[in-house]
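Heads up, the thing below is written out as structure tokens.
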Amino acid sequence: MTTANPDFLKLQSNYLFADIARKVAAYKAAHPAERVISLGIGDVTRPLPPAILTALHQAVDEMGEAAHFRGYGPEQGYDFLRSRIVECDYAARGVSLSADEVFISDGAKSDIGNFQELFAPDSRVAVTDPVYPVYVDSNAMAGRAGEMRGKQWERIIYLPCTQANDFVPDFPQTRPDIIYLCYPNNPTGSVLSRAALQAWVDYARRERCVILFDSAYEAFITDPDVPHSIYELDGAQEVAVEFRSFSKTAGFTGLRCAYTVVPKALQIGDGQGGKVSLNALWNRRQCTKYNGCPYIVQRAAEAVYSAQGQQGIGAIIAGYQRNASLLRSAVSAMGLTVYGGVNAPYLWVGVPSDTDSWGFFDRLLQQAALICTPGAGFGAAGEGYVRLTAFGAPEDTQEAIERLRRLC
């Protein structure tokens, strides 16, 4: 009989979102006339700006003309988009990269989950806690996590991010090979200052680690002391891979487009006393397992960098930022502690002392028909918090705030 991969069998079911869906479905069945509003949604709600739609339509029309039809594209992405990314996202911030260090894909989640394939099976992995689950689960699937002990994997190095350390992780006591960092952070909405992120780059250089840096929410940064890219820091190209996405930046959750930057300066051991380029390894992996992001989607992504595109996505991001600011004020008025929501679309809210994260979820659902995400679902350090997001429609956010006020 064919046998399943034993490392997949170690994974627990995604009880967080299954339980949320079950509780919400039960509430709706019992209250069919009540309109439930989600403050836990991780998806965007605003439509694509006109400039992006125009580019998408033009690309679709090209596909109907023999002279402009495109078949298989380059697995690494089209040069027209890679060069615009280098110019607008990096050179404009004083970062020197070449287009062949940028790899276009259909999503940062896919790239983050797949990139671990390049590392040895016995590599030690460090993650912040609370944490975006894909960092942990993809390594568990690869056999690096060991066994689940309580609520944590025995071979994963957890870096607690709590109020006590201002949500800035301390360096691990055990040296890791791979460090996952996400800033602005999902789920806490926290950020790292330039000095704090430089300290992590210096640590990785000193300890010869690789940082996998998820900067999917950099478009929400307003503080000049918070870097938009890890490559703004000295030496980062020697130790860091950066993952970016058009999903939250430009509303591409339905179109699917992202990119990963793998500098040529970043090399790791080959297990035989030599070194190997991660850029070359990722290129080899993509050429084998990936057929490329669709041409029409890449043309739409290119339009993000036009003057009209920047104006359009800027207005959308500003709207989400207003949502976040209003939610922060409303939650604070309830007497609750709130973090994030300033340079990020996520708010990390401390629950009342008489309940836990799931209890507060139930309270918001039952008493206000509002959905949040219990922090316990993001790791042990997430207990005592819930995550709210600012991606709702403005009118829904305003209605949610009114309901919150009635709970005060």
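The values are calculated or read from the model by the stated rules, or taken from the named source; none is laboratory data. If you're wondering where the values come from, they're calculated on a predicted model, not measured in any experiment. FYI the Cβ positions are ideal-geometry reconstructions off the backbone, even for glycines, and counts take in every protein chain you see.
Go through the stretch 103-158 and report how many residues are under 19 Å from ASP177 (Cα atoms), in a strand (DSSP E or B) and among the charged types (D, E, K, R).
So the count comes out to 1.
When the stretch 47-85 is examined, which residues are found to be part of a loop (DSSP other than H, G, I, E, B) and either crowded, with 18+ Cβ neighbours inside 10 Å or on the phi > 0 side of the Ramachandran plot (or both)? First the steps, then the outcome.
Initially, the stretch 47-85 is screened for residues part of a loop (DSSP other than H, G, I, E, B), giving 47-49, 63-78.
Once the filter is applied, which keeps residues that are part of a loop (DSSP other than H, G, I, E, B) and either crowded, with 18+ Cβ neighbours inside 10 Å or on the phi > 0 side of the Ramachandran plot (or both), the stretch 47-85 yields LEU48, PRO49, GLU75, GLN76, GLY77, TYR78.
State the number of residues belonging to the stretch 7-52 that are in contact (Cβ under 8 Å) with a residue 12 or more places away in the chain, farther than 27 Å from LEU347 by Cβ and not basic (Lys, Arg).
Going through the stretch 7-52 one residue at a time, the tally reaches 6.
Out of (1) more than 25 Å from SER190 (Cα to Cα); (2) more than 19 Å from the chain's Cα centre (by Cα); (3) surrounded by fewer than 20 Cβ atoms within 10 Å (Cβ to Cβ), the odd one out for ARG144 is which?
(3)
If you go through the stretch 219-249 one residue at a time, how many are in contact with a Pro (Cβ under 8 Å, 6 or more places away or on another chain) and either among the polar types (S, T, N, Q) or at pLDDT below 95 (or both)?
Looking only at that region, the number is 2.
Please enumerate the residues belonging to the stretch 86-128 that are surrounded by fewer than 16 Cβ atoms within 10 Å (Cβ to Cβ) and of a type in the set (D, E, K, R).
GLU87, ARG93, ASP100, GLU117, ASP122
Could you say which residue among ILE156, ILE179, ILE230 is in contact with an Asp or Glu (Cβ under 6 Å, 6 or more places away or on another chain) and either among the aromatic types (Phe, Trp, Tyr) or under 28 Å from THR389 (Cβ atoms) (or both)?
ILE230
List every residue pair whose Cβ atoms sit under 6 Å apart, with the two residues 6 or more apart in sequence or on different chains, where the first one lies in the stretch 318-338 and is touching a residue at least 40 places away in the same chain (Cβ under 8 Å) and farther than 15 Å from PHE360 by Cα and the second, anywhere, is in a helix (DSSP H, G or I) and among the aliphatic types (A, V, I, L, M).
Sorted first by the residue in the stretch 318-338, then by its partner, the pairs are LEU326/ILE401; ALA330/ILE401; ALA330/LEU404.
Please enumerate the residues belonging to the stretch 267-293 that are within 22 Å of the chain's Cα centre (by Cα), over 13 Å from VAL241 (Cα atoms) and hydrophobic (A, V, I, L, M, F, W, C).
CYS293
Considering only the stretch 1-46, state which residues are of a type outside the set (Gly, Ala, Ser), outside any loop (DSSP other than H, G, I, E, B) and more than 20 Å from VAL134 (Cα to Cα).
The answer is ARG22, LYS23, VAL24, TYR27, LYS28, ILE37.
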